[in-house]
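Q: Take this structure first; my questions come after.
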C-alpha cells in the first residue's frame, strides 16, 4: 500500500506543471514571447544536423514541446571518472550500465553482452539550470564532464584525439588534448558521435542553444 502511494505521488509530480513547465527561452520562442539569438538558432540547426544530437535527444517535427530524449540506452564511450570515490572502495569496479542490470536477471541475461556500457539517454531540458552561476554541474552518467563545452567537444572529437595514457579528469584531458579510453569498450556508438567535424564556433553555438532549454526564463530580463 505504501509503495502504491509513493508511486502515485511520483506520477502526480511528473504530470504536474512543476515537472512539465515548458517555460524555457526555447519554448517561449514558439509563443512569440522570446527570440533566439542568431548563435542559438545556428546551434539548434547544428543540433539537428551535423552535430547528430537529435538522433538520440529527439526533437518533434516543429521542435515545440520536444522532450529531447528517445528513451533508449547508449554507450557513448565515456571514460572512468577518476574523481568517483567508488574506485577507492572497489578499484576493479566497471559500470556496465544496462548490461550490468540484465546480468542479474536470468530471464534477460542473454541480452546483457550487447547492452554492456549502455546508459539511458537523458532529457536535455534544464541541462544548464543551476542554483547559481558558480554552481558546477556534472554531465554524463558518471559525472565525468563538468561543462557543457567539454561534453560537446568530447562528442565532436572522441575518435579524433589520441588516447590519454591514464585515467585523466576532464580538465586534464582538455589540457593534454587527448581523451581517456572508454570505461566499457564494447558497444560504443561510433555512428553518431566521435568525429563530427564541428569547429570550435559550432561547438559554442550548440552550447548556446542548450542553455535556452532552462525553464523559468524571464523575457524581461534579457
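Derivation of every value follows stated rules applied to the coordinates shown; laboratory data play no part. Values in this document were obtained by computation on a predicted structure and should not be read as measured data. For neighbour counting, all protein chains shown are included, and Cβ atoms are generated from backbone atoms with ideal geometry for every residue, glycine included.
Q: With each run of n ≥ 4 DSSP H residues scored as -39500 (n - 2.57), what mean residue ellipticity at 222 nm is computed for the chain after dividing by its residue count and rounding to the nearest 500 deg cm²/dmol?
A: The helix contribution divided over the chain gives -8500 deg cm²/dmol.
Q: Distance in nm between label sites at residue 37 and residue 149, each 7 Å beyond Cα in the beta-carbon direction?
A: 1.3
Q: Distance in nm between label sites at residue 175 and residue 8, each 7 Å beyond Cα in the beta-carbon direction?
A: 5.5
Q: Same structure, new question: Highest mean first, what order results for 29-38, 177-186 on Cβ atoms within 10 Å?
A: 177-186, 29-38
Q: Further question on the same structure: What full-extension length gain, to one decimal in nm, is calculated for residue 109 and residue 22 as 0.36 nm per residue of separation minus the Cα-Cα distance?
A: 27.4 nm
Q: Express in whole angstrom the spacing between the alpha-carbon centres of the stretch 17-72 and the stretch 91-113.
A: Cα centroid of the stretch 17-72 versus Cα centroid of the stretch 91-113: 33 Å apart.
Q: Build a GNM of the chain with springs between Cα atoms under 10 Å: which of 169, 72, 212 gets the top mean-square fluctuation?
A: Per the Cα network of the chain with a 10 Å cutoff, 72 tops the list.
Q: Something else about it: Using a 7 Å offset from the Cα along the Cα-to-Cβ direction at both residue 101 and residue 61, what is the distance between the two label points in nm, to one decimal?
A: 3.2
Q: Order the peptides 45-55, 191-201 from the highest to the lowest mean number of other Cβ atoms within 10 Å of their residues.
A: 45-55, 191-201
Q: Hey, of (1) 134; (2) 171; (3) 144, which did the structure itself give for volume of the Cα convex hull per residue in Å³ when calculated?
A: (2)
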